[in-house]
Each structure stands twice: as C-alpha cells, then as structure tokens.
Amino acid sequence: MRPVARYWGRKPIEAVRRFIQDTDSVIVDPFGGSGAIISEALGMGKRGIYVDLNPYAWLIAHVQIAGAPTKEFAKASGEVIERAMRLESDVKGMDLPGDWLFYGDGKPFLKRRNFDRVSQFFPRENLRRLRALLMAIDYTNTSSNTKLALYLSFANALYPSSFMNRRGAGSWGVPSYWVPQVSSPMDAYEAFRRATRRMLVFLRRIRTYSVCYSLDCDAEARLILGDANGINYDPEWTLITDPPFTDEVQYMELSFFYWVWLRISELPNIMRELLGRDVEYSFERELVINPRRGVQTVQYLDRLGEFLSRTANLRRRILIFHEESEKRLNRVRELVRRFWGSYREYVILIDTQRNIGPRGGIKYFVFEALS
C-alpha cells in the first residue's frame, strides 16, 4: 500500500518482516520516521513503541497507525474547503512568520537552493488560499484523529501547490529546496481536494490501532515525540531500527517546509494536549551529519555510539544500516562490536523501490546482536 504521506526515509520493510520473531512482544523503533517499521510490527500482532523527535514525522506516523473515522473525515474535508473559500478574503499578510531557510547563526540550510524563504515557493494566490485552508481546519469541530488527518492532508497539498511541482511528477523528487526550470503549481484548493481524496482511500484501507503517548501507558502503539538517546529502554523490548544514515537527507531541514505552515495552526496545541507537553522543533538533537551546523562524522558516530550503549541490554537488537562509504561502515561495525558485543551481519539488496535519477537498488547492512 502507498504510504499516507511523502517522506524521505526509505524503510527496508522486506528486512523488517524477516527479523520479527514469534517470541517478540514489544518492538521499539527509536528512529521511527513515518512509522513504517512499527506499522509492520503491529500488523504482525506485536505491540509497538515509536520514537522520533521530528513533529512532522510524528504526525505522519500517528495518522498511519491510529487512522481516523472515514465518514467523519469525508464530511469534515468538504466543510474545510467551503469554509476556506469564505475565509479567503479575510486573509491578511502573505509571508509565513520565521520561514527563512537559515540556521540560528545565519548560515543557510544545507539543502537551500532557489529561494531564501518557504513563502517564496508559492504563488501569492496559493499563499492566500493555503492560509485560508489552514484557518478552516482550525475552526473544524471534529475528533482529534480526524483533525490530525486533515492537517496531514494539508501538508500533502503543499508540494503540488508550490513552484517545486513538476508537471507529471508525483513526489518531491530532489531532496533539496529546488525549483525545476519548468514548474507547474496546482491551485491550492484543487491540491487539497486531491490530498483529501487520497487520504480517504488510505483511511478506508488501513487497519487502525489504539495509541497512547508515554512509555508507561498501555496501548497497542505508544507514539513518543522525543530523542532516541533520551528514553529509558526496557530489557524485554526488541529493538529494530534504521537510524538516519550518514549519506542521506536532512530530515529536519526538509520537514521544515511543512512544519513552518503547521506550526501556525492549532496542530501544536492539539499535540500538546495529547502529549502533555509543548512541541519542540529541535535541529540540535537530530542524528545527522551536517557540516554547516558543525556536525561532522565524529559527532554523528559519538551520538550513534551513545544510542548503542543505551540499548545494549535489550533482549534482541537489530540495526539496519545503509552506507556507501566502506570506511564509515567499518566505523559503524566497530561501534556495534564495542557496545553490543558479538553480532551477525547480513547484506540485503532491495531493488524494488522507486528509482530517482541514477540511483537504483539499495544495499542494507543488518547487524543483529548475538549476546
């Protein structure tokens, strides 16, 4: 099944299925991303613990796992568009607050290309209509699950209504803030209509699960917005995770395109009520290599080593890793051996994922602790 939203992490689900055992009870993925690993574990009858510090990724995972009532969503999505059309004339000020593609020290995002602000990626008419849509969702009186699905549908409408949209292309193909020579932004209302139609199809097809938002609650899925190095791991859990890879995308940077919109809505307040605390958007805690933020390979490996140390007492531990540099891969092997002891290594080649540009299949290295 197609995912509920576009996200850059390529999850090797084929690898996940083969490593879940009958004796596993609770599967934890501390770098949960869009929730693919935990969704797979839930589908196999396990309980799941999802952890990620990216609130946009958390939103995707929540909708994918908890779903929303389909009739309620269908009714609410139609009402949102009608209300937005009435509100459009009241929208004042087009630019998004704090949407500069720069870090706090003034350095530009590593993935910044064509423009300096998120606002610049949209035609002025779409900026006004998107603001109206967001206001209309805020005013909608419905359940929290339906609201979250509406906000995610809104996020799904952002790329097609921007100058990044390429005619005949259905995804954000280049992992940067890049505008093609020939762009084709869709009308924002039409983009939202299409997004809600796709969402409704998704909601009708998925199996949903009970969710809660702390480690000490008891539901089929615990959805934690937090740092992988900031939680306490139970020795009875089974760890299956694929951390951000050293040669991959800047997840927080690219998610900023969505979050800069969503944070001006009522979504952070809804999340605060669910989670019991304020929502943070923290570049500083992200496990990633980014020289413009002063995070080099050594800092990345230090944090990865801290994670391996914190999880060394779990009953089963499986780390799925994609790395094209043999030198870096050897350093990961050293860390696994140091903190997890003996391990078994597998190589899995997945060549069925969508190819973008010259990239073909992906080789994953799987480290399974033996002690």
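The values are calculated or read from the model by the stated rules, or taken from the named source; none is laboratory data. Because the structure is a prediction, the values reported are computed rather than measured. Note: ideal-geometry Cβ built from the backbone for every residue, glycine included; neighbour counts use all protein chains shown.
Of note:
- Taken over segment 274-320, the criterion of being buried (at least 17 other Cβ atoms within 10 Å of the Cβ), part of a loop (DSSP other than H, G, I, E, B), touching a strand residue (DSSP E or B) at 6+ places or on another chain (Cβ under 7 Å) and of a type outside the set (Val, Ile, Thr) is satisfied by LEU314 alone.
- Hey, MET252 assigned to a helix (DSSP H, G or I), within 29 Å of GLU326 (Cβ to Cβ) and of a type in the set (A, V, I, L, M, F, W, C) or not: yes
- As a summary of the residue check, ARG129 satisfies the conditions (1) buried (at least 24 other Cβ atoms within 10 Å of the Cβ); (2) within 23 Å of LEU274 (Cβ to Cβ); (3) more than 22 Å from the chain's Cα centre (by Cα) except for the one numbered (2).
Conditions (1) touching an Asp or Glu at 6+ places or on another chain (Cβ under 7 Å); (2) modelled with pLDDT of 95 or more; (3) not aliphatic (A, V, I, L, M), marked per residue:
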site: ARG198; (1), (2), (3): no, yes, yes
site: VAL201; (1), (2), (3): no, yes, no
site: ASP216; (1), (2), (3): no, no, yes
site: ALA219; (1), (2), (3): no, yes, no
site: ASP242; (1), (2), (3): no, no, yes
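- Checked against the criterion of being modelled with pLDDT of 90 or more, farther than 25 Å from ILE240 by Cβ and not assigned by TED's automatic domain parsing to the domain that holds GLY106, the candidates TYR343, TYR258 yield just one match: TYR258.
- Pair list, Cβ < 8 Å and 6+ apart or interchain, from segment 192-214 residues that are touching a residue at least 60 places away in the same chain (Cβ under 8 Å) to residues that are aromatic (Phe, Trp, Tyr): PHE192/PHE154; THR196/PHE73; MET199/PHE73; LEU200/PHE73; LEU203/PHE73
- Flag if ARG117 is free of Cβ contacts under 8 Å to residues at least 40 places away in the same chain and either aliphatic (A, V, I, L, M) or more than 27 Å from GLN64 (Cβ to Cβ) (or both): yes
- In segment 86-124, the residues that are acidic (Asp, Glu) and either buried (at least 16 other Cβ atoms within 10 Å of the Cβ) or modelled with pLDDT of 95 or more (or both): GLU88, ASP99, ASP116
- Beta carbons closer than 7 Å, at least 6 apart along the sequence or on distinct chains, pair a first residue in segment 263-274 that is within 17 Å of LEU133 (Cβ to Cβ) with a second that is among the acidic types (Asp, Glu) and part of a helix (DSSP H, G or I) for SER265/ASP138; GLU266/ASP138.
- One residue alone among TYR50, TYR7 is touching a residue at least 24 places away in the same chain (Cβ under 8 Å), touching a Ser or Thr at 6+ places or on another chain (Cβ under 6 Å) and aromatic (Phe, Trp, Tyr), and that residue is TYR7.
- Of the residues making up segment 166-206, those that are crowded, with 22+ Cβ neighbours inside 10 Å and over 22 Å from ALA57 (Cβ atoms) number 1.
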